[in-house]
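Report on the structure given below.
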Amino acid sequence: MKLLTVIGARPQIIKAAAISRAIKAYFSETISDIILHTGQHYDENMSQQFFSELQIPQPLINLGIGSGPQGEQTAKMLTGIEQVLTKQHFDGVIIYGDTNSTLAGALAASKIQTPVFHIEAGLRSYNMTMPEEQNRIISDQLSNICFAPTQTAVDNLRREGFFDSPTRFHHNRERRIILSGDVMYDNTLFYAQLASKQSRLLLDLQLKKDQYILATVHRNYNTDNLQRLTSIFQALTAIANETTVVIPLHPRTKKLLATVDLPHLDRLFFIPPVSYLEMLVLEQNAQVVMTDSGGVQKEAFFFERPCVIMRPETEWTEIIDHGAGILADADTDHIVEAYQQFSHCTIHFPPLFGDGHAAEKIVNEIRSYLS
């Protein structure tokens, strides 16, 4: 059985690690895992670091698409993936999350009747101005199996009629909705101990557990909108009066921050972008995590760290519902208030994201579906 895994951005590289690890451990005699990298992520050095660090197979195919306008980038990916699928036979295509690579993989495979398996299906922000929301909705509709990481994701698909749909695919295959758990939880469990043993980051940065805030800002609607960028960093500099605020600085954020006249930026502890394992160490030991990243929100929850979400909405509504996250958007006062609230409360972190064996379950379901 031959599967094509389509990745293109840093979070997808990490998610693919869990699936590749499960195939190698349990299904190596029956499943061949071929990785296609669209090249959507333009920082090749950073991507190379992730492949090496996470010990996942190098992509056999790299389209080298790079950045560009949304439509142009997606079109190039669609063309490239389609060419690969028509030159070789694949039994199925695995896609992840909500990027343009996700959408292109779903479109290319479905057009030529190759089954599509969407990991992280059913997530909804209900904000259709976000390209990610558009990508995930279309990808779900085109997928033979929607692997929902949480019960909330399953419920979203139920409300949208997925369970009552008469949809059939090639060879009259039905659509399946599977509550799989989250492959990122698998990875966090697998890598956290390794990261703690290998990393000297806290020692090198002279940071102590529970005595700093970890903040990340990278989404283009926060960085490219100077009003939002200014509001966020005004909040972070205010919080830095009380405690250390560590910021692994994304290249886009660094570039645009230089165009804004903001006082007191020297209060912030800027560090270069860190590796995945180093990021786990920073998350695991922070007092509070503040981010606009979906992945970092979840990892904060996995490590039982409260999270201030600097977005107007989140796909991971479970985190909000259980009081482990606060939606503060790019509002200076709300960000500061959320931090202060988390500094004086006790939070419950129930097991919302599975049992740490999501990847194994996903691969087994795919094998059963294609048999």
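The values are calculated or read from the model by the stated rules, or taken from the named source; none is laboratory data. Small disclaimer: the values here were computed from a predicted structure and weren't measured. Cβ: placed from backbone, ideal geometry, glycine included. Neighbour counts: every protein chain shown.
What the table below lists for this structure:
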read-out: Test: residue in the stretch 309-324 that is closer than 21 Å to Asp155 by Cβ, touching a Lys or Arg at 6+ places or on another chain (Cβ under 8 Å) and acidic (Asp, Glu); value: yes
read-out: Residue that is farthest from Phe190 (Cα to Cα) [pool: residues in the stretch 231-277 that are touching a residue at least 40 places away in the same chain (Cβ under 8 Å) and among the aromatic types (Phe, Trp, Tyr)]; value: Phe269
read-out: Ser101 closer than 30 Å to Phe302 by Cα, surrounded by 22 or more Cβ atoms within 10 Å (Cβ to Cβ), at pLDDT 95 or above and out of contact with any Phe, Trp or Tyr (no Cβ under 9 Å at 6 or more places or on another chain); value: yes
read-out: Index of the failed condition, Glu304 passing every other in (1) in contact (Cβ under 8 Å) with a residue 40 or more places away in the chain; (2) assigned to a loop (DSSP other than H, G, I, E, B); (3) within 30 Å of Ser67 (Cβ to Cβ); value: (3)
read-out: Some residue of the stretch 104-125 being surrounded by fewer than 22 Cβ atoms within 10 Å (Cβ to Cβ), under 20 Å from the mean Cα position of the chain (by Cα) and closer than 20 Å to Gly294 by Cα; value: yes
read-out: Odd one out for Cys345, checked against (1) outside any strand (DSSP E or B); (2) under 24 Å from Thr150 (Cα atoms); (3) without any contact (Cβ under 8 Å) to a residue 60 or more places away in the chain; (4) of a type outside the set (S, T, N, Q); value: (2)
read-out: Residue within the stretch 199-216 that is polar (S, T, N, Q) and in contact with a strand residue (DSSP E or B) (Cβ under 9 Å, 6 or more places away or on another chain) present; value: yes
read-out: Failed item, numbered, when Ser143 is tested on (1) at pLDDT below 95; (2) in contact with a His (Cβ under 9 Å, 6 or more places away or on another chain); value: (1)
read-out: Of residues in the stretch 52-100 being among the hydrophobic types (A, V, I, L, M, F, W, C) and part of a loop (DSSP other than H, G, I, E, B), the one farthest from the chain's Cα centre (by Cα); value: Phe90
read-out: Counted residues, the stretch 115-141 - those being part of a helix (DSSP H, G or I) and out of contact with any Lys or Arg (no Cβ under 9 Å at 6 or more places or on another chain); value: 8
read-out: Residues of the stretch 140-166 that turn out to be over 27 Å from His322 (Cβ atoms) and either buried (at least 19 other Cβ atoms within 10 Å of the Cβ) or not small (Gly, Ala, Ser) (or both), as a count; value: 7
read-out: Ile335 being among the aliphatic types (A, V, I, L, M), closer than 21 Å to His218 by Cα, in contact with a Gly (Cβ under 7 Å, 6 or more places away or on another chain) and crowded, with 23+ Cβ neighbours inside 10 Å; value: no
read-out: Helices (runs of 4 or more DSSP H) lying entirely in the stretch 185-297 (those with 1 or more residues that are out of contact with any helix residue (DSSP H, G or I) (no Cβ under 9 Å at 6 or more places or on another chain), of a type in the set (D, E, K, R) and not assigned by TED's automatic domain parsing to the domain that holds Ile119); value: 201-205, 251-257
read-out: Whichever residue in the stretch 20-32 is modelled with pLDDT under 95 and within 21 Å of the chain's Cα centre (by Cα) and, among such residues, is nearest to Leu63 (Cα to Cα); value: Ser20
read-out: Subset of the stretch 167-184 [surrounded by fewer than 18 Cβ atoms within 10 Å (Cβ to Cβ), in a loop (DSSP other than H, G, I, E, B) and touching a residue at least 40 places away in the same chain (Cβ under 8 Å)]; value: Phe169, Arg173
read-out: Residue among Leu189, Leu214, Leu226, Leu207 that alone is under 20 Å from Arg305 (Cβ atoms), modelled with pLDDT under 95 and surrounded by 12 or more Cβ atoms within 10 Å (Cβ to Cβ); value: Leu189
